Amino acid sequence: MSASSQKTTIEFNDGIVRMFLLASVIWGAIGMLVGVYIAAELNFWQLNHGIPYITFSRLRPVHTNAVIFALVGNMFFAGIYYTTQRLVKARLASNFLSKLHFWGWQAIILAAAITLPMGLTRGKEYAEMIWPLNIAVTVIWVVFAVNFFWTLKRRREPSLYVAIWFYIATIVTVGMLYIVNHLSIPTSWTHSYPIFGGVQDALVQWWYGHNAVAFVLTTPILGLMYYFVPKAAERPVYSYRLSVIHFWSLVFVYIWAGPHHLLNTALPNWLQTLGMVFSLMLWAPSWGGMLNGLFTLRGAWDRMRADPVLKFFAAALTFYGMATFEGPLLAIKSINALGHYTDWVIGHVHSGTLGWNGFMAAGMFYYLVPRLWNKKLYSNTLANLHFWIGLIGILFYIGAMWASGITEGYMLNATAEHGTVLAYPNFIEVLQTILPLMLFRVIGGVLYLSGWLMMGYNFYRTIRGSQPVNGTIEVPADEPERRSAPIGAISAILNPPVVFSCLAAIFLCAWMFGDAFVSISGLVGAAIILVLAYAHFQTRGKKWGDWYDKLLESAIPFTILTFIAVAAGGAIQIIPTVIMHRASNVEDRIEVPYTPLELAGRDIYIREGCYLCHSQMIRTLVPDVMRYGDYSRLGESIYDHPFQWGSKRNGPDLARIGGKYNDAWHFDHMMDPRRTSPGSIMPPFPWLYTQKTDVAALPSKIHVLRELGVPYAPMTPAQIRQDVETQESQIVAALRSQGRYATPDKEIIALIAYLQKLGKTIIIPPAAHAVAEAK
Amino acid sequence: MFQRIVMDHSVVFVGTLAFVVSASIYVAFFWRAMRMKSKQLEQFENLPFVDERPSERHDA
């Protein structure tokens, strides 16, 4: 037998796939159960029971983190490890790294499930985990990346299938986003302040938050879609060409769309415009991908009736299409004015998570379990029932949220008397109107969870008594032949297409951002580069094509270029914002730094997750201004680490709540919200009246904030304590005069101090040049 | 620096530029995808089907 015909057998590491799969099913059930419970808490405030650990605002991050990182995270780790081994014909590079990845990830999830209900949070959505856990996530992500790329290095298939491209984009982009958005300075072992504040923090947070959707909930699942849908349909993807366009378009464009979460706010207008336009442009690749997936099922429709896998995939792709149509729609400023801060966004998110992620997960699991345990699925009927009950659950959920959100938006924005007064000035009236719809959400959630539990039972019965098997594959014993020499890391960058693209981008940035001479030079330079690129392409176009073909067999250069593509979008948005929008450049109004007691109150506000129901951002919209007061200026939150603009209003905006009510009102409201606001759905916070304010932590916190640029005068710990005691006694005296009695060292006093501070800023006189310009 | 983008009267070209940039990316990769040869496409799209031993597959 010749050397070339000798074969060797590779046994895949499917054990790790089984572990991640089961973890996803279990954590998914827990995450959804918490979701159903917190949804019920919004309808029945009594379910909060006055217990801090199960209060809505502390449990909500448990739900979001569980479904994003535990359900979907474990699901795509399982899928990526299963498909990568088969697509590159190599066993996972390291058993140790695989196990470290699995157990490390589960430990992080468990730690989050413990710390978040304790109120240990960074106060940023989907980025709530405290800094030691952030470091752990980064380390484990690096372990995953090393294991993945090491496997690619050992691959026996030179070409990289499009699914692998999506995995690479996921790994590099999530790493970048996570690190930048979690840059913080610790004040203790469990607390830190993010290095960005105010508008900078808002932009970085939603650059991360939006792309958590893009690169955690979308790109890895699309990679799985490009593997599992063709496998389930037993035919190749409808159009590989379309998948190529889908990948590059999505990777280049998605990263820019983050600012659409901050439309009509104090975010600079150019960023809002960028976010809106790039979001609209996302329609094309998203629908291209969705249609590519659906058309792959052509010819397999007859099997849809009996095959739950195909059913789940078809429905998941349909929900992907719906969610990616709705997302850009909500990113249009005028539609966002109606939908933002309402349940519409919750409906939109859940059509993606329940429909796209949940159903893709279920389809993939139903495909994998019989193969990984070498046993027929216990019950196809139960799987089909799961599909239908889950589908009805989703429709209940998103239908209710659409109706609720649009009702909420219209009522909150409605005016009467020729637009001079609000038609529904009482926020609670609006809330009471949508409560029945919110109840339908709970029912939908229960149905969806029931389906998921059926799947768990089905798997339990399938796996019980079965023998796990690992897939194997025969490959030639010698090294695979490459069609061409791979590209090195340096030549990945120093080649005509990349050099011309980078130069054009640099000149266009100079044109966009620069003043007079720089701007004109940028425009001229960009024009020259385009002409040169065209000329080069005309004379040596084949080189461009050859380079691209080589790229598809070169994992590291591919990764570097993908990183450049995603990093460019973030850099162009974030760098000018960080440089320009600092306190020293702020006009009109600027925030007064919090007193030590107010700062302690603010940290209590963040600990309790108040930002999850109350925004601190009055938008540049007439109904917002009529309801809450003058619109929020960029400088009014410039020292806020983290920013607290919020993303959902289950209660009214608090940007100008300071001074609106007296201290006694806040005292009563936090003890029993219905005493001051009949019909309120807010939970009571009785522990604030017994727990003492953590004054000892303030020196460290103030020190860190000073390092971050907040203009605190130097204070000794004794001075801080003195300042706290003085303000506490003033509030206690005011409360006593209003017939309320409290001891000064309790947390409620600090929280009242913070709430009464909100909206109190310094008005900056117009600069001399601005006055001259106005004249 | 950055004065132009901060001034609202300049913001209109940001939207146009965003459109042009994303449209250029779409066109470039559309062109690249169209240039892919049939043999190359066939090889890529069949990668998921170069699979493990049939005897160890268990269809649901």
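Among residues belonging to region A:505-515 that are in a helix (DSSP H, G or I) and at the interface with chain B (Cβ under 9 Å from one of its Cβ atoms), point out the one that is surrounded by the fewest Cβ atoms within 10 Å (Cβ to Cβ). It comes out as A:A505.
The sole residue among A:R482, A:R540 that is modelled with pLDDT under 85 and assigned to a loop (DSSP other than H, G, I, E, B) is A:R482. For A:A555, the conditions (1) more than 25 Å from A:A169 (Cα to Cα); (2) away from chain B (no Cβ under 11 Å); (3) surrounded by 14 or more Cβ atoms within 10 Å (Cβ to Cβ) all hold with the exception of (1). Take the conditions within 14 Å of chain B (Cβ to nearest Cβ) and on the phi > 0 side of the Ramachandran plot and apply them to A:N374. Does it pass? When the stated conditions are applied, A:N374 passes them. Applying the set (1) touching a strand residue (DSSP E or B) at 6+ places or on another chain (Cβ under 9 Å); (2) loosely packed, with under 15 Cβ neighbours inside 10 Å to A:E408 leaves exactly one unmet item: (2).
Restricting attention to region A:394-413, does a residue exist that is over 28 Å from A:F359 (Cα atoms), out of contact with any helix residue (DSSP H, G or I) (no Cβ under 7 Å at 6 or more places or on another chain) and either free of Cβ contacts under 8 Å to residues at least 24 places away in the same chain or not in a helix (DSSP H, G or I) (or both)? Among the residues of region A:394-413, not one is over 28 Å from A:F359 (Cα atoms), out of contact with any helix residue (DSSP H, G or I) (no Cβ under 7 Å at 6 or more places or on another chain) and either free of Cβ contacts under 8 Å to residues at least 24 places away in the same chain or not in a helix (DSSP H, G or I) (or both), which makes the answer no. Does A:F96 satisfy being surrounded by 20 or more Cβ atoms within 10 Å (Cβ to Cβ) and part of a helix (DSSP H, G or I)? No, not satisfied.
One residue alone among A:V475, A:V499 is among the hydrophobic types (A, V, I, L, M, F, W, C) and farther than 30 Å from A:R156 by Cβ, and that residue is A:V499. Of the numbered criteria (1) within 7 Å of chain B (Cβ to nearest Cβ); (2) closer than 26 Å to A:T64 by Cβ, the one A:T273 fails is (2).
Taking the conditions (1) outside any helix (DSSP H, G or I); (2) more than 9 Å from chain B (Cβ to nearest Cβ) in turn, A:H261 satisfies each one other than (1).
If you filter region A:438-474 down to residues that are of a type in the set (K, R) and either under 30 Å from A:D14 (Cβ atoms) or within 11 Å of chain B (Cβ to nearest Cβ) (or both), you find that the one that is surrounded by the fewest Cβ atoms within 10 Å (Cβ to Cβ) is A:R464.
Whether any residue in region A:136-143 is closer than 30 Å to A:D694 by Cβ and in a loop (DSSP other than H, G, I, E, B) is what I want to check. No, that holds for no residue. For region A:326-345, a tally of residues being in contact with a Lys or Arg (Cβ under 9 Å, 6 or more places away or on another chain) and either outside any helix (DSSP H, G or I) or surrounded by fewer than 22 Cβ atoms within 10 Å (Cβ to Cβ) (or both) returns 5. B:H9 meets all of the listed conditions (1) at pLDDT 85 or above; (2) surrounded by fewer than 16 Cβ atoms within 10 Å (Cβ to Cβ) but one, namely (1). Is it true that some residue in region A:12-26 is charged (D, E, K, R), surrounded by fewer than 17 Cβ atoms within 10 Å (Cβ to Cβ) and within 14 Å of chain B (Cβ to nearest Cβ)? No; the residues of region A:12-26 include none that is charged (D, E, K, R), surrounded by fewer than 17 Cβ atoms within 10 Å (Cβ to Cβ) and within 14 Å of chain B (Cβ to nearest Cβ). For A:A323, the conditions (1) in contact (Cβ under 8 Å) with a residue 40 or more places away in the chain; (2) buried (at least 19 other Cβ atoms within 10 Å of the Cβ) are fulfilled apart from (1). Selection of region A:529-580 for residues being of a type in the set (S, T, N, Q) and either over 30 Å from A:W150 (Cα atoms) or free of Cβ contacts under 8 Å to residues at least 24 places away in the same chain (or both) yields A:Q538, A:T539, A:Q573, A:T577. Across region A:620-638, what is the total count of residues that are buried (at least 24 other Cβ atoms within 10 Å of the Cβ) and part of a loop (DSSP other than H, G, I, E, B)? So the answer is 2. Residue-level analysis places A:A300 among those that are assigned by the TED database to the domain that holds A:N384, more than 19 Å from the chain's Cα centre (by Cα) and at pLDDT below 90. If you go through region A:380-388 one residue at a time, do you hit one that is away from chain B (no Cβ under 14 Å) and either part of a helix (DSSP H, G or I) or of a type in the set (S, T, N, Q) (or both)? Scanning region A:380-388, I find at least one residue that is away from chain B (no Cβ under 14 Å) and either part of a helix (DSSP H, G or I) or of a type in the set (S, T, N, Q) (or both), so the answer is yes.
The values are calculated or read from the model by the stated rules, or taken from the named source; none is laboratory data. If you're wondering where the values come from, they're calculated on a predicted model, not measured in any experiment. Note: ideal-geometry Cβ built from the backbone for every residue, glycine included; neighbour counts use all protein chains shown.
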